Amino acid sequence: MNNKNFYISTPIYYPSGNPHMGHAYSSIIADIFARFKRLEGYEVLFLTGTDEHGLKIQREAEKNNKDPKKFCDELSEKFKDLTKILNLSNDDFIRTTEKRHYKSVEKIWNRLVKSGDIYLDKYSGWYSISDEAYYDEDEIEEINGKKISKSSGSIVDWVEEESYFFKLSAWSNKLLDLYNKNKDFILPVSRRNEVIKFVEKGLKDLSVSRTSFTWGIPVPNNNKHIIYVWLDALTNYLSALNFSDDEKKYNKFWPADVHIIGKDILRFHAIYWPAFLLAANLPLPKKVFGHGWILSDDKKMSKSIGNILDPIEIVNIYGVDQLRYYLVKEVSLGNDGSISMQNLKNCINNDLANNYGNLCQRVFSFIKKNCSNKIPKDYKLENIDTKLLDKLKKNLPNLIKLINNQNLNEFIKSVVQYSFEANKYFNDSEPWKEKKENPQRMRTILFVACEQIKNISILLNPIIPISTNKVLDTLNVNPKKRLIKEINNLKCFEHDKELKDSDILFNKIENDN
Ligand code: MSP
C-alpha cells in the first residue's frame, strides 16, 4: 500500500458572520503544509469546511430573521468563496448539514453508546454560547455584574437540563499516557504543557446533548436531545472520509496527519477528540497543531470587539501571494502576532519585490538580451557555481524537516537567504563583463542563476503559488517537475525553448506617508 498519503485539515468555521483574517490565517497555514506535502510526492487530502449547528448559529439566524439552514447556506458560500480568493488547494469542503456528516455523527454516537461511554443524567453548570463550551466554576469570573469565561472573555449562562454525558473522567489517564508517549501529539510544546496541566487536574464527565434548542443532529432514538455541537463538529474529520459507509477512503487517509487549529480550540481537539476516538475504539490523529492568534490593535480579532481585518479587501489591494507570504513570514507560527499595513508593505517591497522578484527579472531580461532568450546549455560549472547550488541541496533535508515540524518561519528565513545569495552571486559574477572575453562563463552564470531561481521557486511554491508558477512557467519547467526531488536536477530545462514573456512579479508599494 502507498504510505505516502497525507491528511491535513483546517478547523471548520462557524458561518455566523463573514470570514475574517483569523479564519484566513488557519486556512493559509494548512494550505501551505498541504502544498508542501504534494511537492514531496505525497497524495494529499486537504479538508476545510463550515460548522453549522448549535445555539450560536441558531441565535444568529434568528437575529437575522432567517431559517438556520438558509442562513448557513448563504454564509457557508462566503467561506467557500474565500477558499478561491486565498487560492487554497483544498480537496474537499465539508458542511455539517450534509447527509454524509449526519451519518458519521450517528455512527460515532452509536459506538459510544455501545462501548458504555454515554449515560443520561442532568447537567447544571455554566455554558458559553459564543464558545459553545462548558466551563467550571473556577474558570469563570464576574466583571461588571456579568459572569464571563476567564480564558475567552465570553459571557456564560447558567444551564440546568437533562443531558447525556460522555464518561470523559474515565479517560484522563489514557490521555496523559498519550501525551507522554507521543511528544508530537500536541504542538507547540507550550500548548502541550497547558493541556497536560489541565488534564492532570482531573476531568469531569462531559455533557454531550442539549434539550433547549433544536438546531443540530438529534440523538439517535431520543430526538428530544440534540448532540453537543463539538461532538458533531469534530466528527467532520471522519465524515469527509465517508466514515459511515466507505472503508476505502477511510483506510487510506485515517488517522489524519495533522489538524491545524487555533489555540482557542485546543481543549476540544487535544482532549475531547482523542477521548471520543479512544472510546469509539478508533485510531487517533497524529498531531494537533495550535497556532497563535492574529492580533489587530494587539487584540484578538472578533466581531464583538469590532476590530476585524477583512482578508478579501487586503487581497484586492495587495494580491493573494502577498498576503499569504506576509502572514507566515511575519507572524511566528504558534505565537500571537500583530499585523499592520505598514509591515505588510515593507515585507512586499523588501522580500518579494527587491529580493526574489528582482532576481528573476534581472536574470530573465539579461538572457533575453544576450542569449537569444534561451537558458544556455553549454555551461561549465566552476567552484563558485557548485558552491552556491550545493549549499541549498545539502540543506534540503533540514528544510524539509523544518516544514514537517511546522517551523515555517525558519524555513522562509532560509529560503529568503538563498534568494539574497543568488542576487549577490549574480552581482559579484558580473556576467556583463564576461560577455566579450569569456561568453561561455557568462552563459554558465546565467544557467546557474536560472537553476537557483528554479530551486527557490519550488521551495516558495507552497507559500506564493501564483508568482512562483509564473516564474517556473517563464523558465518552461514542466508542472510535473515542480517537485522537491527536482531541486538541483540540472536537467529540468528545455534549452531550445525561449523563455516565456513575464510581467512584473511584485509591484512595489508606494508609502503614502
Ligand atoms: N467551529 C469551531 C471549530 C470546529 S473544528 C472541529 C470554531 N470556529 S471559528 O470560526 O470560531 O474559528 C475557527 C478558527 O479560526 C479557529 O482555529 C480560531 O483559532 C481561528 N481564529 C479565529 N480568530 C482568530 C484570530 N484572530 N487569529 C487567528 N486565528 C483565529 O472555533
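Report whether or not LEU389 is in contact (Cβ under 8 Å) with a residue 40 or more places away in the chain, farther than 30 Å from HIS291 by Cα and either in a helix (DSSP H, G or I) or over 30 Å from the mean Cα position of the chain (by Cα) (or both). Yes; evaluated as a whole, the condition is true for this residue.
Here the helices (runs of 4 or more DSSP H) wholly within region 1-101 that include at least 3 residues being in contact with a helix residue (DSSP H, G or I) (Cβ under 7 Å, 6 or more places away or on another chain) and farther than 21 Å from LYS329 by Cβ are 55-63, 68-85.
Do we have LEU381 as outside any helix (DSSP H, G or I) and under 23 Å from SER152 (Cα atoms) here? Break it down into steps so the answer makes sense when it comes.
On the way: outside any helix (DSSP H, G or I): yes; under 23 Å from SER152 (Cα atoms): no.
No; evaluated as a whole, the condition is false for this residue.
Test LYS497 against the criterion of being under 25 Å from the mean Cα position of the chain (by Cα) and either among the small types (Gly, Ala, Ser) or within 18 Å of GLU451 (Cβ to Cβ) (or both), and give yes or no. Walk me through how you get there before you give the answer.
Values: under 25 Å from the mean Cα position of the chain (by Cα): no; either among the small types (Gly, Ala, Ser) or within 18 Å of GLU451 (Cβ to Cβ) (or both): yes.
No.
Of everything listed in (1) among the aromatic types (Phe, Trp, Tyr); (2) over 30 Å from GLY292 (Cβ atoms); (3) away from the ligand (no atom under 15 Å from the Cβ); (4) in contact with a strand residue (DSSP E or B) (Cβ under 8 Å, 6 or more places away or on another chain), the single unmet condition for TRP215 is (3).
Name the residue that is modelled with the lowest pLDDT, counting only residues in region 229-259 that are within 16 Å of LYS107 (Cα to Cα) and among the charged types (D, E, K, R). My answer is ASP246.
This table checks each residue for (1) in a helix (DSSP H, G or I); (2) of a type in the set (Asp, Glu); (3) without any contact (Cβ under 8 Å) to a residue 24 or more places away in the chain.
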| position | (1), (2), (3) |
| --- | --- |
| LEU459 | yes, no, no |
| ILE463 | no, no, no |
| LYS470 | yes, no, no |
| LYS480 | yes, no, yes |
| LYS485 | yes, no, no |
| ASN489 | no, no, yes |
| CYS492 | no, no, no |
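Within region 7-34, residues that are touching a residue at least 60 places away in the same chain (Cβ under 8 Å) have Cβ atoms under 9 Å from residues that are within 8 Å of the ligand (Cβ to nearest atom) and of a type in the set (Lys, Arg) in these pairs: GLY22/LYS300, counting only partners at least 6 apart in sequence or on another chain. Residues of region 20-32 that are at pLDDT 95 or above and either near the ligand (Cβ under 9 Å from one of its atoms) or more than 12 Å from the chain's Cα centre (by Cα) (or both): HIS23, ALA24, TYR25, SER26, SER27. Within region 182-205, the set of residues being within 15 Å of SER172 (Cα to Cα) and of a type in the set (Phe, Trp, Tyr) comprises just one member, PHE198.
The values are calculated or read from the model by the stated rules, or taken from the named source; none is laboratory data. Just so it is clear, the model here is predicted, and its values are computed rather than measured. In this analysis, Cβ positions are derived from the backbone assuming ideal geometry, glycine residues included, and neighbour counts consider all displayed protein chains.
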